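Q: Take this structure first; my questions come after.
The values are calculated or read from the model by the stated rules, or taken from the named source; none is laboratory data. The model shown is predicted, which means the values in this text are computed figures rather than measured ones. Heads up, the Cβs are rebuilt from the backbone with ideal geometry, glycines too, and the neighbour counts pull from every protein chain shown.
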Amino acid sequence: FDPDDPIGGKNSEGKRERPPFVGLSHELGHSEAFDEGTHKEDRGDKTPGTTPPIEEHAMKRETK
């Protein structure tokens, strides 16, 4: 996590800029998944418009 980097993955509008606290929340979501034992290494098949399983938990955390 780099608090000075405003670039993340694409959001639902296709934009990549986001506030640093959203990036931190996302990374904490990955940590939470590890702690809960729900972390998935599955990176999906890279089909456009889909979310890889490895990102699902972290993305839910960043929107809480």
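Q: Do you know which residues across segment 42-54 are more than 9 Å from the chain's Cα centre (by Cα) and outside any loop (DSSP other than H, G, I, E, B)?
A: The one that is more than 9 Å from the chain's Cα centre (by Cα) and outside any loop (DSSP other than H, G, I, E, B): PRO53.
Yes or no, residue by residue, for (1) free of Cβ contacts under 8 Å to residues at least 24 places away in the same chain; (2) touching a Pro at 6+ places or on another chain (Cβ under 9 Å); (3) assigned to a helix (DSSP H, G or I):
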| position | (1), (2), (3) |
| --- | --- |
| ASP2 | yes, yes, no |
| ASN11 | yes, no, no |
| LYS15 | yes, no, no |
| LEU28 | no, no, yes |
| LYS40 | yes, yes, no |
| GLU56 | yes, no, yes |
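Q: Moving on. Quick one: how many residues across segment 31-64 are at pLDDT 90 or above, among the acidic types (Asp, Glu), surrounded by fewer than 11 Cβ atoms within 10 Å (Cβ to Cβ) and over 20 Å from LYS10 (Cβ atoms)?
A: So the answer is 2.
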